[in-house]
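Single-structure report; data block below.
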Amino acid sequence: MKEKIIKALKWFFRSYIWLFVLLLVIDIVTKQVVMHNMTEGQSIVLIPKDVLKITLVFNRAAAFGIGFDNPAVNRWLYVGIASLATICIVQYLIRKFKEIPLYVRACLMLVLTGAVGNLIDRLFYSASNYYVVDWINFFDNALWHWVFNIADAGVVIGAFMLIGYIIYTEVKEYKAKKSSEPKTEGKVVSKTEQEKIDYLNEEKEESEKVDN
């Protein structure tokens with residue numbers, strides 16, 4: 001019994017489902033705390049010089065402040081995209097779970113947290129305004145004004161981590177391929193070129209034998 005529990009705990013930890021649940025809970029709780037203690041547009045400075053503030057913003061756009069003028073259109077646009085993304089990620093995790101590296105699982109769970117977290121806002125927080133609750137105001141200045149939430153951060157961080165992983169694996173595979181190719185006098189040659197060189201060398205050896 002003890003071994004089964006340990007095995008189940010290991011699986012749960014390696015699945016990164018706990019990361020999804022933890023971040024989703026944090027996202028929901030922080031939004032509720034900010035909404036119940038602040039008014040829209042109000043700011044609380046945490047780090048001076050506009051480095052970090054808590055600013056309550058009801059984002060009625062589709063995502064990241066981008067979208068249509070009609071909040072209802074934005075709502076259903078986001079709901080549709082987020083639902084599709086969630087379904088695709090979940091199906092991929094179910095079908096390929098054992099084949100997915102731990103790092104990629106973590107990335108997908110971060111993206112999934114973002115999709116589900118903001119989807120909950122669109123569906124339940126407002127029946128008429130269809131907003132997402134944003135509250136993290138980081139480096140607010142004339143050139144940069146983006147207020148976001150934990151769900152947004154999950155999407156962005158997960159996506160960048162995934163892109164970085166893809167670049168890393170591609171470079172690693174490219175280097176491995178290059179190192180496995182045969183070399184002639186310090187120069188890397190392709191397999192076809194090496195076959196031609198071997199053939200010419202064999203002909204040269206045969207010709208020398210005949211001459212002798």
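Remark: pairs (first residue in segment 14-38, without any contact (Cβ under 8 Å) to a residue 12 or more places away in the chain and of a type in the set (Phe, Trp, Tyr); second residue surrounded by 13 or more Cβ atoms within 10 Å (Cβ to Cβ) and part of a helix (DSSP H, G or I); Cβ separation under 7 Å; 6+ apart in sequence or on different chains) are absent.
No other residue among Val79, Val73, Val104 is farther than 21 Å from Glu40 by Cβ and either crowded, with 20+ Cβ neighbours inside 10 Å or modelled with pLDDT of 80 or more (or both) apart from Val104. Filtered by the rule that a residue be part of a loop (DSSP other than H, G, I, E, B) and open to solvent by 30 Å² or more (accessible area, probe 1.4 Å), segment 141-179 gives Asn141, Ala142, Leu143, Trp144, His145, Trp146. Of all residues in segment 1-41, those satisfying the criterion of being assigned to a helix (DSSP H, G or I) and of a type in the set (Val, Ile, Thr) are Ile5, Ile6, Ile17, Val21, Val25, Ile26, Ile28, Val29, Thr30, Val33, Val34. Restrict the check to segment 111-120 and report whether at least one residue is closer than 30 Å to Pro48 by Cα, not in a helix (DSSP H, G or I) and not polar (S, T, N, Q). No, because not a single residue in segment 111-120 is closer than 30 Å to Pro48 by Cα, not in a helix (DSSP H, G or I) and not polar (S, T, N, Q). Scanning segment 1-53 for residues that are touching a strand residue (DSSP E or B) at 6+ places or on another chain (Cβ under 8 Å) and of a type in the set (Ser, Thr, Tyr) yields a total of 3.
The values are calculated or read from the model by the stated rules, or taken from the named source; none is laboratory data. None of the values given here were measured: they were computed from a predicted structure. With ideal geometry, Cβ positions are generated from the backbone for all residues, glycine too; neighbour counts draw on all protein chains shown. Side chains are part of the model used for accessible areas, which takes the heavy atoms of the whole protein and leaves out ligands, DNA and RNA. Shrake-Rupley method; radii C 1.70, N 1.55, O 1.52, S 1.80 Å.
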